[in-house]
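Novice: Right, I'll just put the structure down here and ask away after.
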Amino acid sequence: RMVDRMLAWMIPISRLATRTTPWHRVRGALDRRLPAMAFVLGVEVDGDCCAYPLAALGSAPVVNDVVGSQPVVVFFDAERELAQVFSRRVEGQVLTFHAVPGAPLARDATTGSSWSMAGRAVDGPSAGHRLTAIPHVNKLFWFSWAVFKPATRVWSATDERPPVPQIRLTTADTLSGE
């Protein structure tokens, strides 16, 4: 009976993320950029912080970003609610990743290799290589992250921009008009 009463008073996890206030007192003002109880993935590199709302990652399972001086990629598996963060630098190159529909994999645009959620290339020219993991906090309430990291940037799907192709022109190309 006691368990039934406790369960009746509990807030279902699905509704928890929409709460605008935490269940306990917080010193100072709450950061209202997200609902207080929204789940985020927190990343800090070189003193620069970014919060990735899990709700937004559901529609963007592969995110190319830069935090601090580090180009990072976030892989998110919505089914398992699991996120991983890795450096995009591999053997001196900065890779750009995109999602592979219907699979928990990402493909890099440079080599065409497929990468697992564990950051390992499973096929293509990079097969066997591993991405370097970036420390992060997974599935944390927004208000908790924001209290300790008030200058944090909040990522949104509109932040991601396609990479600009780099074209090198030689003096001969410029002079010939090509």
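Novice: Please give the length that would be gained between A109 and E81 if that part of the chain were fully extended, namely 0.36 nm times their separation in residues minus their C-alpha to C-alpha distance (nm, one decimal).
Specialist: Separation in residues times 0.36 nm, less the Cα-Cα distance, equals 7.6 nm.
Novice: Carbon-plus-sulfur fraction of the accessible area of the stretch 84-159, 1.4 Å probe, in percent?
Specialist: With neighbouring chains kept in place, the figure for the stretch 84-159 is 58 percent.
Novice: What GluC sites (Glu not before Pro) in the stretch 38-145 are in a loop by DSSP, with at most 14 other Cβ atoms within 10 Å of the Cβ?
Specialist: Filter output for the stretch 38-145: E79, E81, E91.
Novice: Within the stretch 56-85, name every residue whose backbone N is under 15 Å away from a label modeled 7 Å from Cα of M117 along the Cβ vector.
Specialist: It comes to 57-63, 74-85, nothing else.
Novice: Would you please give the FRET efficiency between V66 and N138, computed as 1/(1 + (r/R0)^6) with r the Cβ-Cβ distance and R0 = 22 Å, to the nearest 0.05?
Specialist: 0.65
The values are calculated or read from the model by the stated rules, or taken from the named source; none is laboratory data. The model shown is predicted, which means the values in this text are computed figures rather than measured ones. Here Cβ is always computed from backbone atoms with ideal geometry, including for glycine, and neighbour counts include all displayed protein chains. SASA here: full protein model, heavy atoms, side chains in, ligands and nucleic acids out. Shrake-Rupley method; radii C 1.70, N 1.55, O 1.52, S 1.80 Å.
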